[in-house]
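The values are calculated or read from the model by the stated rules, or taken from the named source; none is laboratory data. Predicted, not measured: the structure shown is a model, and the values here were computed from it. Cβ atoms come from the backbone with ideal geometry, glycine included; neighbour counts cover every protein chain shown. To get the accessible areas, we keep the full protein, side chains included, count just its heavy atoms, and leave off ligands, DNA and RNA. Shrake-Rupley method; radii C 1.70, N 1.55, O 1.52, S 1.80 Å.
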Amino acid sequence: MRGFGTGRTVVRRDVHRSGRVWSEQAMRVVGDTDEALVTACAPGAEARWPVLYAKARADADRSLRTEAFDAMAAGRWELGAATWQETDLLLWKPPAAWFGVNAFFVPDGDGRRLRNWYVNFEHPLRRTEDGFDTFDLAVDLLVDPDLAHWEWKDEDEYAHVRRLGIVSDIEHRAVDDARAQVLAMLTERTGFFAHARQWAAWRWEPTWSTPCLPRPAPTTEGAGPASG
């Protein structure tokens, strides 16, 4: 499939093994090379998230996040319209990796500053006509802007989705391999982190409008339990 031009609006989707959309987010293309597809979004960008998961974010209620994963395991969830808020997001996604590296930028005076790096462990990129598909596997790695310190995030939720069967044994082994790969990149300053200073200086292109989703995603109304 042909690469995406800089500035184009694309859609990042999390797609469950059943083929149904779990979430989707409108983004702009920063660059598209053999090394990685780099995309970004800014406050106001359109998204669709599971209703329970969105409520958990709004209420800062982790018990609702657990319910959202239970709904995923049961194969029943509803998507609701959402809007990206507060941060500028830069996403570096290598084509075959079981992770993506996110950078979050927050207001700082008249400009923006890098708040942190955030490694999301997820399925390898699958290109579509509108963007790309992946699937979030729950566990994450938080990294300080200077790369001097990092810590694992959501290990409890990862254990829960493992128990539910959302993350299979094959996926678990891929995540373990990806964890080791990312930690090696961090300690050796290779891969994405070889260019961390350059990416830390990235800023949203002011001529870009906030990206919008092209069309509604399918909901789960009337759908049966997920297979697999």
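Under a 5 Å amide H to amide H cut-off, with H placed in plane at 1.01 Å, what residues pair with Gly75 once short-range neighbours are removed?
Amide H neighbours of Gly75: Ala226.
Taking the stretch 117-148, which chymotrypsin sites (Phe, Trp or Tyr not before Pro) meet the DSSP loop condition and have no more than 15 other C-beta atoms within 10 Å? Could the numbers behind the result be given before it?
Numbers: sites: Trp117, Tyr118, Phe121, Phe132, Phe135; in loops: Phe135.
Taking the stretch 117-148 and a limit of 15 other Cβ atoms within 10 Å, no loop chymotrypsin sites (Phe, Trp or Tyr not before Pro) are found.
Using only protein heavy atoms and a 1.4 Å probe, report how much of His16 is accessible, in Å² to the nearest 10.
10 Å²
Once phi is turned into θ = phi - 60°, what whole-Hz ³J(HN,Hα) does the Karplus curve with 6.51, -1.76 and 1.60 give for every residue of the stretch 134-143, x standing for Gly and Pro?
Taking θ as phi minus 60°, the curve returns 8, 7, 5, 9, 5, 8, 9, 10, 8, 10 Hz for the stretch 134-143.
Apply the a/c threshold of 1.5 to the C-alpha gyration tensor of the stretch 54-98 and tell me whether it is rounded, prolate or oblate.
Because a/c hits 1.5 or more and a/b fails to exceed b/c, the stretch 54-98 counts as oblate.
With the full set of protein chains in place, find how many percent of the accessible area of the chain is carbon and sulfur; take the probe as 1.4 Å.
C and S fraction of accessible area: 50 percent.
Report, in deg cm²/dmol and to the nearest 500, the calculated mean residue ellipticity at 222 nm for the chain, where each DSSP H run with n ≥ 4 adds -39500 (n - 2.57) and the sum is divided by the residue count.
Theoretical 222 nm ellipticity from helices: -7500 deg cm²/dmol.
Could you work out the relative contact order of the chain? I mean the mean sequence separation of Cα pairs under 8 Å and 6+ apart, divided by the number of residues, in percent.
On the way: 445 pairs, mean separation 52.0, N = 228.
Relative contact order for the chain comes out at 23 percent.
Net charge within 11 Å of His172 by Cβ-Cβ distance, Lys/Arg positive one each and Asp/Glu negative one each, not counting His172 itself?
Taking every other residue near His172 into account, the sum is -1.
In nm, to one decimal, how far is the modelled label at Ser18 from the one at Thr187, with both set 7 Å along Cα→Cβ?
Result for the modelled spin labels: 4.1 nm.
Once label points are set 7 Å from the Cα along Cα→Cβ at both Asp146 and Arg173, what is their separation, rounded to one decimal in nm?
Spacing of the two 7 Å Cα→Cβ label points: 4.1 nm.
Share of antiparallel DSSP beta bridges in the chain, in percent to the nearest 5? Mind showing how you got there, number by number?
Working: 49 of 53 bridges.
Close to 90 percent.
Could you tell me how far the Cα centroid of the stretch 63-93 sits from the Cα centroid of the stretch 140-156, in Å?
Their Cα centres are 20 Å away from one another.
Select one label from [x] 119; [y] 127; [z] 185: the one whose number is volume of the Cα convex hull per residue in Å³ as derived from the coordinates shown.
Structure-derived value, by its label: [y].
Considering only protein heavy atoms, what is the solvent-accessible area of Leu79 at a probe of 1.4 Å, reported in Å² to the nearest 10?
Counting only protein heavy atoms, the figure is 30 Å².
Averaged per residue, what accessible surface does the chain expose to a 1.4 Å probe, in Å²?
On a per-residue basis, 48 Å².
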